[in-house]
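In what follows, a single structure is set out as C-alpha cells and then discussed.
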Amino acid sequence: MKTVKNKKLFYSTKWISYTAILTALVVATGFIPPLPTPAGRIYWVDGVVLIAAFLVDPLSAFIAGGVGSLIYDIFKSPEMMLASLLIHGLQGAIVSALLRFVLRERFKKHEWAKAAVFAVLGAVEVVAGYFIYRCITRGVPAATASIPRNIIQEAIGISIAVFICYATTFKKQLGKNRLLPDFRSEVRQKESDAPVCDEAAVPADDEKQ
C-alpha cells in the first residue's frame, strides 16, 4: 500500500506565516511617521491592509487588518482599538472576498483594475465606519471634518497596494512560484488524502499461490 502525502500541515503553516507577517507589517506601518496635510495627518496602514486583502483569503486579511490595527492602537490610541479592529478588519475581509468570489474568472489580464475598484468599496466602508464612530464619540461636526483626511488616506493606500502587488508583478511572482496559500487546492488535496493502492506492490492472481 502507498499513501498520498498529506499537505494540510504545509498549507496551514503557510497560512499562519502569511497572517502573522502581514499582521506584524500592519503594526509596524502604524509607527511610521504620518504625512502632514492641511486635511490632517495621513497614516500608511491602509496600504498594508489592502496588500493583505490582495494576497490572502478574507479571514487572514481580517486578522491582519483588524488585529494589526488593534495592537497598534493599544500603544497609541487605546480608545479606538475596538473600532479599528472592526473597521480595518472588515476592510481587509471585504476586499479579499470581493476579489476572490466576484467575477473570479473574468478580467484576469486586468486584475489590477478589478482590485482597485474593490479597494474603493473597502475605502467607502472605512470612511463610513470612522464617520459613524466619530459621530458617536465626538459629534457630527468632528466626524464630518475627518472625512477629507480619510478619503486622502484611502486613496494613498489604494495606490500603494495596487502598485506593489500589480505594477511590480509582486503578486504574480508569488503565485508563479507557489508562495501564496492556495486554499482551493488544499480542499481538493484533503478530500483526496486517502490510501491508494500501488499496483506494483499488489501481486497478480497467479502469484498469490
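Under 5 Å from the amide H of T37 lie the amide H atoms of I42, each residue being 5 or more positions distant or on a separate chain, with H modelled from the backbone and absent for Pro and chain starts.
In a shell of Cβ-Cβ distance under 15 Å around F131, excluding F131 itself, what net charge do Lys and Arg (+1) and Asp and Glu (-1) give? Every neighbour counted, the sum reads +1.
Structural descriptor for the stretch 44-191: relative contact order 27 percent, calculated from alpha carbon pairs under 8 angstrom and at least 6 residues apart. Applying a DSSP loop filter and a limit of 10 other Cβ atoms within 10 Å to the trypsin sites (Lys or Arg not before Pro) in the stretch 119-184 leaves R178. Take the Cα of L180, step 7 Å toward its Cβ, do the same at A39, and the gap between the two points is 2.9 nm. Of H110, H88, the residue with the largest accessible area leads and the full order is H110, H88 (1.4 Å probe).
A simple packing score, the average count of other Cβ atoms within 10 Å per residue, orders the peptides 52-63, 17-28 as 52-63, 17-28, with the highest score first. Modelled spin labels at V120 and I147, positioned 7 Å past Cα toward Cβ, are 1.8 nm from each other. Among residues other than L90 with Cβ under 13 Å from its Cβ, the summed charge is -2 (Lys and Arg +1, Asp and Glu -1). Highest mean packing first, where packing is the average number of other Cβ atoms within 10 Å per residue, the peptides 80-86, 100-106, 140-146 line up as 80-86, 140-146, 100-106. For the stretch 126-141, putting each phi into the Karplus relation 6.51 cos²θ - 1.76 cosθ + 1.60 with θ = phi - 60° gives couplings of 5, 4, 5, x, 5, 5, 5, 4, 6, 4, 6, 9, 10, x, 4, x Hz, in residue order, rounded to whole numbers and with x for Gly and Pro.
The values are calculated or read from the model by the stated rules, or taken from the named source; none is laboratory data. Because the structure is predicted, anything quoted here is derived from the model rather than measured. For neighbour counting, all protein chains shown are included, and Cβ atoms are generated from backbone atoms with ideal geometry for every residue, glycine included. Calculation scope for accessible area: heavy atoms of the full protein, side chains included, ligands and nucleic acids excluded. Shrake-Rupley method; radii C 1.70, N 1.55, O 1.52, S 1.80 Å.
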